[in-house]
Amino acid sequence: MEHLPQAGNIIAKFPRMVWLIITITIAVETVAQMVWKSVVLGVPESAGFMETVKTVTVQPTFYLLLSIFGVQFIFWILLLAKADLSYARPITALSLVSVVACSVMFFGEKVGVMRMVGIVMIMVGVWFISNTDHNTRGPHMPSPRATPGQPSETML
């Protein structure tokens, strides 16, 4: 039977900068979802598509949301420059957990047993993925696109 690594080993084998960027990415995603929800709360339930678009796009909060999406885009670029997509994206799924927590706190949403089971499954899945091998480039590792005998591109 293969021994699973302990949680302390995960952080040691993954560069701190990547953990910082993952944490910020999760936080920005959570904020974006909270702002999204607050933007659409002003739309009447009976509104059609065009009325919904009009109602949403005249709100100043909508433009804040676009700015948050810009920040999110920048952090995704930074994260993907340092980590495998197949590794980083599942870990940033922790934003699904933080969104649920914030939805309960800020919007009074109810979380039933099935949602809680789903949240636990997400967390377990993230734990398993974070314990897998990955090809994340460290500060001195060449780009996967570098050709032998030629210098690699500059790292972020």
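Lysine pairs in the stretch 7-130 with Cα distance under 30 Å, only those 8 or more apart or on different chains: how many are there?
Details: Lys13/Lys82; Lys37/Lys54; Lys37/Lys110; Lys54/Lys110.
Eligible lysine pairs with Cα atoms under 30 Å apart amount to 4.
Straightening the chain between Leu85 and Val53 buys 8.3 nm, computed as 0.36 nm per residue apart minus the Cα-Cα spacing.
Legend: calculated FRET efficiency, Ser67 to Arg16, from the Cβ-Cβ distance at R0 = 25 Å, rounded to 0.05, equals 0.35. In the stretch 96-115, which residues have a backbone nitrogen under 16 Å from the label point lying 7 Å from Val124's Cα in the Cα-to-Cβ direction? Of the residues in the stretch 96-115, 113-115 have backbone N under 16 Å from the label point off Val124. 3J(HN,Hα) along the stretch 101-109: 4, 5, 4, 5, 5, 9, 10, x, 5 Hz, from the Karplus curve 6.51 cos²θ - 1.76 cosθ + 1.60 with θ = phi - 60°, whole Hz, x for Gly and Pro.
With all pairs of different alpha carbon atoms counted, what Kirkwood hydrodynamic radius in Å does the stretch 7-130 show? Spell out each step's value before the answer.
Numbers: mean 1/r = 0.0615 Å⁻¹.
About 16.3 Å, per the Kirkwood formula over Cα pairs.
Each peptide in 84-94, 20-30 was scored by the mean count of other Cβ atoms within 10 Å over its residues; highest first, the order is 20-30, 84-94.
Bear in mind that the values in this text are calculations on the coordinates, not laboratory data. Since this is a predicted model, take the numbers as computed values, not measurements. Positions of Cβ are generated from backbone atoms using ideal geometry, with glycine treated the same way; all protein chains shown enter the neighbour counts.
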